[in-house]
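**Student:** Here it is: the structure, laid out below.
Quick note: the coordinates plus some simple rules give every number you see, no bench work behind them. Predicted model, so just to flag it, every value in this text is computed and none were measured. Cβ: placed from backbone, ideal geometry, glycine included. Neighbour counts: every protein chain shown.
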Amino acid sequence: MRIDVVSIFPSYFDGLTLSLLGKARATGLLDLQIHDLRNWAGDRHRTVDDTPYGGGAGMVMKPEPWALALDDLASSGPEAVDRPTIIFPSPAGELFRQKTARDFAAREHIIIGCGRYEGIDERVFEYAASLGEVRLVSLGDYVLNGGEVAAMAMIEAVGRLIPGVVGNPESLVEESHEDGLLEYPSYTKPAAWRDRSVPDVLLSGNHGAIAKWRGEQQLERTRQRRPDLLSD
Ligand code: ADE
């Protein structure tokens, strides 16, 4: 899978050289390329923003650097991909969920455009739709300073679903959100620790009873912490 990221802060993404995703990049499972939007700016000062029409606070990202970047990147992806998926992290987008991650993980070429300031000129989204499938995606109901942190979260959630990235594929199955519920609690040795003991059933060796207990725990936790998931 190829992911191109466009940002005015490419070094935000340095962390993605670490751990499982770093390894996936080194072994070629994930071709992740980070680009500086200013490379497509047209002037000596590499300007990418300007004042908003209609007035208001802050600056808006100019359309032309974005269009040039998207033109270049949309045509430089894997050969088999005609139209890439173009994602813009935005608090005004659809909610990013585990099923969104699964959807994105099945794509061959993703471009992520990270906005800053008060946002990107609206015409960029219309133009991008002529090059690929455009998705505005929000990490949650709060506002970040730009798309970079959201893009990193999405890359990690999507990247770990690429076959081979997580060593033991079974660990992908028994996780929060994979079956619409929160994960059951986990324990390790010692069995007794600071006056707290591991639930007896986990020491029983009775696999049926353990599976039943875990299922009940998942349901109970979800009811308490995320009742919204049960009505979805
Ligand atoms: N950019 C700013 N806030 C964001 C959010 N909540 N999700 C995705 N991108 C954002």
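**Student:** Could you grab me the full set of residues in the range 67-107 that are out of contact with any helix residue (DSSP H, G or I) (no Cβ under 8 Å at 6 or more places or on another chain), among the charged types (D, E, K, R) and surrounded by fewer than 16 Cβ atoms within 10 Å (Cβ to Cβ)?
**Tutor:** Asp71, Glu79, Asp82, Arg97, Lys99, Arg102, Asp103 - these are the residues of the range 67-107 that are out of contact with any helix residue (DSSP H, G or I) (no Cβ under 8 Å at 6 or more places or on another chain), among the charged types (D, E, K, R) and surrounded by fewer than 16 Cβ atoms within 10 Å (Cβ to Cβ).
**Student:** Shifting gears a bit: Are there any pairs, at least 6 apart or on different chains, whose C-beta atoms fall under 9 Å, with the first in the range 125-148 and in contact (Cβ under 8 Å) with a residue 12 or more places away in the chain and the second within 16 Å of the ligand (Cβ to nearest atom) and among the acidic types (Asp, Glu), and if so, which?
**Tutor:** Arg135/Glu94; Leu136/Glu94; Val137/Glu94; Ser138/Glu94
**Student:** Only one of these conditions is not met by Gly115: (1) crowded, with 18+ Cβ neighbours inside 10 Å; (2) more than 17 Å from Ser7 (Cα to Cα); (3) within 14 Å of the ligand (Cβ to nearest atom). Which number is it?
**Tutor:** Evaluating Gly115 over (1) crowded, with 18+ Cβ neighbours inside 10 Å; (2) more than 17 Å from Ser7 (Cα to Cα); (3) within 14 Å of the ligand (Cβ to nearest atom) leaves (2) as the failure.
**Student:** Considering only the range 50-60, I want to know if a residue exists there that is more than 24 Å from Gly132 (Cα to Cα), over 26 Å from the mean Cα position of the chain (by Cα) and outside any loop (DSSP other than H, G, I, E, B).
**Tutor:** Within the range 50-60, one or more residues are more than 24 Å from Gly132 (Cα to Cα), over 26 Å from the mean Cα position of the chain (by Cα) and outside any loop (DSSP other than H, G, I, E, B).
**Student:** Which residue out of Val143, Val158, Val124, Val173 is of a type in the set (Val, Ile, Thr) and within 11 Å of the ligand (Cβ to nearest atom)?
**Tutor:** On inspection, the qualifying residue turns out to be Val143.
**Student:** Okay, moving on. Could you pull out the residue among Asp43, Asp14 that is surrounded by fewer than 19 Cβ atoms within 10 Å (Cβ to Cβ) and under 18 Å from Gly159 (Cβ atoms)?
**Tutor:** It is Asp14.
**Student:** Sticking with this structure for a sec: Which of the following residues is away from the ligand (no atom under 16 Å from the Cβ), of a type outside the set (Ser, Thr, Tyr) and either touching a His at 6+ places or on another chain (Cβ under 7 Å) or touching a residue at least 40 places away in the same chain (Cβ under 8 Å) (or both): Ala41, Ala105, Ala101?
**Tutor:** Selected residue: Ala105, the only one of Ala41, Ala105, Ala101 that is away from the ligand (no atom under 16 Å from the Cβ), of a type outside the set (Ser, Thr, Tyr) and either touching a His at 6+ places or on another chain (Cβ under 7 Å) or touching a residue at least 40 places away in the same chain (Cβ under 8 Å) (or both).
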